[in-house]
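Colleague: Structure below; questions to follow.
The values are calculated or read from the model by the stated rules, or taken from the named source; none is laboratory data. Note that the coordinates shown come from a computational prediction; the quantities given were computed from them, not determined experimentally. Every residue, glycine as well, gets a Cβ built from its backbone with ideal geometry; the counts of neighbours run over all protein chains shown.
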Amino acid sequence: MANGRVRKFLTKKLNLSAFPVVGPISIWILLFVLMPLAVIFIISFLGRDIKGSIVPSFSLDNYRLLFSEGSEYAKSILRSILFAFATNAACLIIGYPMAYWIVKYGGKIKPFLLLLVIVPSWSCYVVRIYALKQLIGYPGIINNFLLNIGLVSSPIEILYTPHAVILGLIYIWLPFMVLPIYASLEGIDPSLLEASVDLGATPAERFLTITLPLSKGGIFGGTILTFIPAFGDWIVPLLLGGNKVWMAGTYIAHYFIVMGDLPLGSSMTVFLTTAIVLMIYICIKLGGEQAIERIL
Amino acid sequence: MENNEHIPCVELKKLVKRFPETVAVENVSLKVKQGEVFSLLGPSGCGKTTTLRIIAGLETADEGEVLIDGQVVNKIPPYRRNCNLVFQNLALFPHMTVEENIAYGLERRKTPKTEIKEKIGKMLDLMHLAGMEKRYPAQISGGQKQRIALARSLVLEPKILLLDEPLASLDRKIRKELQVELRRIQKELGITFFYVTHDQRVALAISDTIAVMRAGRLEQIAPPDEIYDTPRTKFIADFMGATNIFSGRAALKGDREVRLESDEGLVIFAFNHKNIPVEKITGISVHPERIHVLAGDSKSRADNSFKGKIVEMVYQGDFVETKILLLNVENSRSIIVHLNTKLSQKSQFSIGKVVLVQWDKENSNILQD
Amino acid sequence: MRSPKKGKILFIIIVVGYLFLWGPIIVLGFFSFSSDSYGTRWLSFTTKWYGELFQTSALMDAVVRSLIIASVTVVAATAIGTLAGYGLYKYKFLGRRILRTSILLPITVPYIVMAGALLVYFTRVIHIPLGYPAIIIAHISFSAPLAVFITLGRMQRIDWSLEEASTDLGANRLTTWRLITIPLLLPAIFSSAVLIFPWSFNDFTITYFVAGVGTSTLPLYLFSMLQYSLKPVLINGISLIFILLPTIGILVVSSLQRETKKTR
């Protein structure tokens, strides 16, 4: 009796026949994703000495330090949230019309137009940031040009301002907004649009009552794909923001790589991750299952 | 309202629609009377759906005019036309509840909230759907979706309701129920229906008038019984299930009779009800259920009687579809008859037996092309 | 029905969007042919920077390193990921949901989080040497999930009765895999590889954290050049090359895909 139950558990529930196919990834994810995350989670609650080395005892000091008065990290978290929202909003404002236009008027060259959006995102992102830097910096292409034709007398300062960072973030992450929206718009059954017109909707009403709600999944999918990486970005603020506008990610990199301060770096990371998980949760609540489907 | 009984509800005048590769609608003219169910029947790709979409305003005609209630509507956008469409896939808005779906059109017209509520209530009663208001399309059955799609259009009280094979996806039993339902609702509301289908049984069951369409052209417009009994062309005869079609050369015999010498060498007589000129006659069709089957040794001197051998019997419930190979004929010609199930159990009507088939000349339908 | 004005506004947004995405790259490429060593001013036409580039052995070494890492990653990640995608779709087993969510983790948390976690883990816990092993392990952790979800997407559109038909006709599980399943999954395997290769080749953040000293991949090399080079114009040239190469690659791949679709 008990034997039968064990066998049933092994074959039906655990289903060992699935092991050859899902075994490798399970082990891999456990070893190289879950364990590392668990380790920094634990380290973030360990003490540290003055030099930033780990002291093996439970302590909340790291977190206390992060949010102590005037902490640059706390400010950078706020800055990251702000920049990520701005990036997200801008990507939506540019990305939605792009996706909409490609779906509606793309005709036979739809795949090509979409490729034109994706291709930049497939090249090295350090290089793309550099391209932007060459354009807006001083000496930079735009400034050189403006000075040459005498439109300005002294170089305009864009580089190393918060604006430059936000511009960079939009530039890098825009394609990831277009893709999921494109997919969700492309998935709308055209007869639904016809039905709405047939029932008396004007083109504007049709867009607001049918197209927009049905592409909600794409919008929130795109939000996940742009907000999160923008939130966690560290190169863009480093290269385009100089020393002045570091984001949370830049601090993490700084503490891990330059300072070698693992406890503090870990607690920053844990906090950042918590914020992100919260954000994803909100997006899924608002955008439904579709949001997840669209980003995959 | 003045008496406009004589004005057709919808009239198409020489409608033409060309697509890059083909002509979808070629010179189609028809009139739909007020309050009737008009079916446009034809195989897929014959242009019937395009015709319907032109009436709805979702496609524009290249030539010709569309009149609704005597007014040319070619230039009126679909959202201002007084006609509504029930889509083949129903096109229920998946993100809206049943109630919101039905309210959609009324909201576009800025109908007051209380009135919307009242109208939806009435519609749901009419459709036997009360209690479903808050459900989403994904949570209801196929038949219920059907009714909601219907309700969503009917609540706007259109002059004419266009239906694009909305029953096609349902299984047989529900389809039959809904056919009856459709007819009841139509009678109750008195709204004109324009029904597009490829299923001749549906068309026969629900229509007042049927137009048969083939490759963009209309082949015949007539009431169902006329279309069924006296199809005008081979195409229609075949489409309506008259599987026995004989082509050949005709000659007049007497005043009202036609004598057709078929390509296989059979001599078939027909009664010329409609006085069709002999030079236009190209063949004769007979419905399988109009043919008698007699034992092989019986003597018949009646017209249209031929000897044959039973080669195939397929049980169909109320009848047995029987294939009979005619004897003494070139080109191995066979005839399909519907044999009474009782008769089929007798030993003289089993496979391999020689039988006599016979039909009256009144049941020979004259075909022209 | 359609107001032409609205169409125009929409069209302007599209043009601005595409210009925004492509403008900096194109302008940069243009100035790579200028003799100005900052690459921001047009002096005179020259191709000497390209000559200089191809003689920089450190750059070539970095390209080779990136190619090695990307190749190993593609093979391993596609294999593990495709298998897992197949398993997640076909089998019900204990912990399926947890596995699915865990696989999502590396592609949803910011790079910096995983990069930091892996660095700590490699150096303090399991002592994997930084450099090739660490980079490749980290890359597989990121790209195998991509393959999983691409496979899952493809699985939904496959007619699985073919597999049943194969077993019904007497093939065993392995033969069915070889003759039916893998051919059906080929498009997914192909798209996974096409997505993973450039990802691995171009990755900066994760590689930067776990590369250690002496395993500078192309993006890392570019990053150091960007900060310390006296001739930024060299990077202009590299940028042009590395925008053009993937573009051509993608166009070739997509036209190949279209060809195979046609022949089927």
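Colleague: Only one of C:Ala84, C:Ala58, C:Ala62 is at pLDDT 85 or above and within 11 Å of chain A (Cβ to nearest Cβ). Can you tell me which?
Modeller: On the way: C:Ala58 fails: within 11 Å of chain A (Cβ to nearest Cβ); C:Ala62 fails: within 11 Å of chain A (Cβ to nearest Cβ).
Sole residue among the options that is at pLDDT 85 or above and within 11 Å of chain A (Cβ to nearest Cβ): C:Ala84.
Colleague: Continuing with the same structure: Take the stretch B:18-64 and flag every residue that is aromatic (Phe, Trp, Tyr) and crowded, with 17+ Cβ neighbours inside 10 Å.
Modeller: At the first step, the residues of the stretch B:18-64 found to be aromatic (Phe, Trp, Tyr) are B:19, B:38.
Correct list: B:Phe38 only.
Colleague: When the residues of the stretch A:110-140 are filtered to those that are modelled with pLDDT under 85 and among the hydroxyl-bearing types (Ser, Thr, Tyr), which remaining residue is farthest from C:Pro219 (Cα to Cα)?
Modeller: Filtering first and then ranking leaves A:Tyr138.
Colleague: Taking the condition more than 10 Å from every other protein chain (Cβ to nearest Cβ), among the basic types (Lys, Arg) and touching a residue at least 12 places away in the same chain (Cβ under 8 Å), does C:Arg178 pass?
Modeller: Details: more than 10 Å from every other protein chain (Cβ to nearest Cβ): yes; among the basic types (Lys, Arg): yes; touching a residue at least 12 places away in the same chain (Cβ under 8 Å): no.
Answer is no for this residue.
Colleague: What's the number of the condition B:Ala149 fails, among (1) more than 21 Å from B:Thr51 (Cα to Cα); (2) assigned to a helix (DSSP H, G or I)?
Modeller: (1)
Colleague: I've got another one for you. Only one of (1) facing chain A (nearest Cβ under 8 Å); (2) at pLDDT 85 or above; (3) surrounded by fewer than 24 Cβ atoms within 10 Å (Cβ to Cβ) fails for C:Val72. Which number is that?
Modeller: Unmet condition: (1).
Colleague: Taking into account only those residues within the stretch A:208-242 that are among the hydrophobic types (A, V, I, L, M, F, W, C) and facing another protein chain (nearest Cβ under 8 Å), which is farthest from the chain's Cα centre (by Cα)?
Modeller: Let us first name the residues in the stretch A:208-242 that are among the hydrophobic types (A, V, I, L, M, F, W, C), namely A:208, A:210, A:212, A:214, A:219-220, A:224-225, A:227-228, A:230-231, A:234-236, A:238-240.
Next cut, facing another protein chain (nearest Cβ under 8 Å) only: A:210, A:214, A:224, A:228, A:231, A:234-235, A:239.
Working: A:Ile210: 28, A:Leu214: 23, A:Ile224: 6, A:Ile228: 3, A:Phe231: 6, A:Trp234: 12, A:Ile235: 13, A:Leu239: 18 Å.
Per the criteria, the residue is A:Ile210.
Colleague: If you don't mind, another one. Name every residue in the stretch B:163-179 that is closer than 25 Å to B:Thr51 by Cα and part of a helix (DSSP H, G or I), in order of residue number. I'd like the intermediate steps shown before the answer.
Modeller: Quick first cut of the stretch B:163-179, residues closer than 25 Å to B:Thr51 by Cα only: B:163-170, B:175, B:178-179.
Hits for the stretch B:163-179 are B:Arg175, B:Leu178, B:Gln179.
Colleague: Just give me the residues in the stretch A:96-128 being more than 9 Å from chain C (Cβ to nearest Cβ) and of a type in the set (A, V, I, L, M, F, W, C), in sequence order.
Modeller: Selection gives A:Ala99, A:Val103, A:Ile109, A:Leu114.
Colleague: Could you list, in sequence order, all residues of the stretch A:160-184 that are on the phi < 0 side of the Ramachandran plot, surrounded by fewer than 24 Cβ atoms within 10 Å (Cβ to Cβ) and outside any helix (DSSP H, G or I)?
Modeller: Within the stretch A:160-184, A:Thr161 is the sole residue that qualifies.
Colleague: Only one of these conditions is not met by B:Phe246: (1) modelled with pLDDT of 90 or more; (2) more than 28 Å from B:Ala215 (Cα to Cα); (3) within 29 Å of the chain's Cα centre (by Cα). Which number is it?
Modeller: B:Phe246 satisfies all of (1) modelled with pLDDT of 90 or more; (2) more than 28 Å from B:Ala215 (Cα to Cα); (3) within 29 Å of the chain's Cα centre (by Cα) except (2).
Colleague: If A:Arg48 satisfies all but one of (1) over 21 Å from C:Ile26 (Cβ atoms); (2) out of contact with any Asp or Glu (no Cβ under 8 Å at 6 or more places or on another chain), what's the number of the condition it fails?
Modeller: (2)
Colleague: Could you count how many residues in the stretch B:188-201 are closer than 11 Å to B:Val37 by Cβ and modelled with pLDDT under 90?
Modeller: 0
Colleague: Residues of the stretch B:276-297 being under 21 Å from B:Asp229 (Cα atoms) and part of a strand (DSSP E or B), which ones?
Modeller: Start the filter on the stretch B:276-297 by keeping residues that are under 21 Å from B:Asp229 (Cα atoms), which leaves B:276-278, B:280-293.
Answer for the stretch B:276-297, where residues must be under 21 Å from B:Asp229 (Cα atoms) and part of a strand (DSSP E or B): B:Ile281, B:Thr282, B:Gly283, B:Ile284, B:Ser285, B:Val286, B:His292, B:Val293.
Colleague: What pairs come out if I take residues in the stretch A:243-260 that are on the phi > 0 side of the Ramachandran plot and pair them with residues that are surrounded by fewer than 21 Cβ atoms within 10 Å (Cβ to Cβ) whose C-beta lies under 9 Å away, six or more apart or interchain?
Modeller: As it stands, the answer is A:Gly260/A:Lys51; A:Gly260/A:Gly52; A:Gly260/A:Ser53, since those pairs meet every condition given.
Colleague: Output the residue which, of all residues in the stretch A:185-207 that are β-branched (Val, Ile, Thr) and outside any helix (DSSP H, G or I), is farthest from the other protein chains (Cβ to nearest Cβ). It would help to see each step written out before you state the result.
Modeller: Let us first name the residues in the stretch A:185-207 that are β-branched (Val, Ile, Thr), namely A:188, A:197, A:202.
Cutting the leftovers down to outside any helix (DSSP H, G or I) gives us A:188, A:202.
Details: A:Ile188: 10, A:Thr202: 6 Å.
Ranking the candidates gives A:Ile188 first.
Colleague: Can you confirm whether the stretch C:1-19 contains a residue that is surrounded by fewer than 19 Cβ atoms within 10 Å (Cβ to Cβ), in a loop (DSSP other than H, G, I, E, B), facing chain A (nearest Cβ under 8 Å) and not small (Gly, Ala, Ser)?
Modeller: yes
Colleague: Anything in the stretch C:55-70 that is farther than 15 Å from C:Ser141 by Cα and among the small types (Gly, Ala, Ser)? List them, or say none. First the steps, then the outcome.
Modeller: Within the stretch C:55-70, the subset farther than 15 Å from C:Ser141 by Cα is C:55-68.
Residues satisfying the conditions are C:Ser57, C:Ala58, C:Ala62, C:Ser66.
Colleague: Here's a follow-up. Please specify each residue of the stretch B:104-126 satisfying the condition of being facing chain A (nearest Cβ under 10 Å) and part of a helix (DSSP H, G or I).
Modeller: Answer for the stretch B:104-126, where residues must be facing chain A (nearest Cβ under 10 Å) and part of a helix (DSSP H, G or I): B:Tyr104, B:Gly105, B:Leu106, B:Glu107, B:Arg108.
Colleague: Please enumerate the residues belonging to the stretch A:129-147 that are within 7 Å of chain C (Cβ to nearest Cβ) and part of a helix (DSSP H, G or I). Write out each step before concluding.
Modeller: To start, the set of residues in the stretch A:129-147 that are within 7 Å of chain C (Cβ to nearest Cβ) comprises A:130-132, A:134-135, A:139-141, A:144.
Passing the criteria: A:Tyr130, A:Ala131, A:Leu132, A:Gln134, A:Leu135, A:Ile141, A:Asn144.
Colleague: I would also like to ask the following. Please pick out the residue among B:Asn82, B:Asn74, B:Asn101 that is surrounded by fewer than 17 Cβ atoms within 10 Å (Cβ to Cβ), over 22 Å from the mean Cα position of the chain (by Cα), within 14 Å of chain A (Cβ to nearest Cβ) and not acidic (Asp, Glu). Reasoning before the result, please.
Modeller: Working: B:Asn74 fails: within 14 Å of chain A (Cβ to nearest Cβ); B:Asn101 fails: surrounded by fewer than 17 Cβ atoms within 10 Å (Cβ to Cβ).
Just a single option satisfies the conditions, and that option is B:Asn82.
Colleague: Does B:Phe93 satisfy the criteria of being within 11 Å of chain A (Cβ to nearest Cβ) and within 26 Å of the chain's Cα centre (by Cα)?
Modeller: For B:Phe93, the condition - within 11 Å of chain A (Cβ to nearest Cβ) and within 26 Å of the chain's Cα centre (by Cα) - is not met.
Colleague: In the stretch B:226-252, what residues are part of a strand (DSSP E or B) and in contact with a Phe, Trp or Tyr (Cβ under 7 Å, 6 or more places away or on another chain)?
Modeller: First, the residues of the stretch B:226-252 that are part of a strand (DSSP E or B): B:244-252.
Within the stretch B:226-252, no residue meets the criteria.
Colleague: Mind checking which pairs have a first residue in the stretch B:38-66 that is farther than 27 Å from A:Ala201 by Cβ and assigned to a loop (DSSP other than H, G, I, E, B) and a second that is charged (D, E, K, R) and at pLDDT 90 or above, Cβ under 6 Å, 6 or more apart or different chains?
Modeller: Pairs that qualify, where the first residue is farther than 27 Å from A:Ala201 by Cβ and assigned to a loop (DSSP other than H, G, I, E, B) and the partner is charged (D, E, K, R) and at pLDDT 90 or above, are B:Gly42/B:Lys48; B:Gly42/B:Arg214; B:Cys46/B:Arg214.
Colleague: Could you run through the stretch B:178-194 and say how many residues are farther than 14 Å from B:Ile160 by Cβ and surrounded by fewer than 14 Cβ atoms within 10 Å (Cβ to Cβ)?
Modeller: Qualifying residue count, the stretch B:178-194: 4.
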